[in-house]
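In what follows, a structure is listed as structure tokens, so that the remarks can point back to it.
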Amino acid sequence: MNACRGGQKRNERLKLALHWTVSQRVSIVQRCARAEGVIFQQDGAPPHYGNIDREFLDTTFPQRWIGMDAVMSWPPLSPDITPLDFCLWGYVKQHVYSERINDINHLKQRITDVIHSVTPDVLTRVWEELDYRLDECKAINGAHIKLR
């Protein structure tokens, strides 16, 4: 009986932690939405496409979010103009695995350290690359291209 109670308490703590994490992220997104000119890019993953998600984005970023069935459509299958796809994940992977990972906690710490190591210079290079990629896409009217 005590084992069940322990499991139940652990589940309650996990739910509370998850709720706090989601609430914290929602709060951050809402603060960002107040900034002038901010447009939110929805990633289009099916779990992020529910009615609740779209209603939240419509309320928080009225007429200012990109995604499926949004006022601002995002080109389908376009990792070539998505900075997270063409830059950040490769950068993180390269640096995280530059040393042997011992366990899950070490992996989590490496990911956190690498994300925190992203400098303004790295972000400037990402913007420059995005600018180049958008120019290339415009030049060929959005047709398929192979980028450097």
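The values are calculated or read from the model by the stated rules, or taken from the named source; none is laboratory data. Treat the numbers as computed from the prediction; the structure is a model and nothing was measured. Virtual Cβ from ideal backbone geometry, glycine too; neighbours counted across all protein chains shown. Accessible surface is based on the protein model in full, side chains and every heavy atom, while ligands, DNA and RNA are left aside. Shrake-Rupley method; radii C 1.70, N 1.55, O 1.52, S 1.80 Å.
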Net lengthening on full extension, I39/F56 (0.36 nm per residue, minus Cα-Cα): 4.7 nm
E55, E129, E36, E136, ranked by accessible area, largest first (probe 1.4 Å): E36, E55, E136, E129
Square roots of five times the Cα gyration tensor eigenvalues for the range 78-147, Å: 31, 13, 7
Potential lengthening between N105 and Y91 on full extension [0.36 nm per residue; Cα-Cα distance subtracted]: 3.0 nm
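Treating only the Cβ of Lys, Arg, Asp and Glu as charged (+1, +1, -1, -1), what charge dipole size does the range 78-147 show about its Cα centre? Round to the nearest 20 debye.
That gives a dipole near 220 debye.
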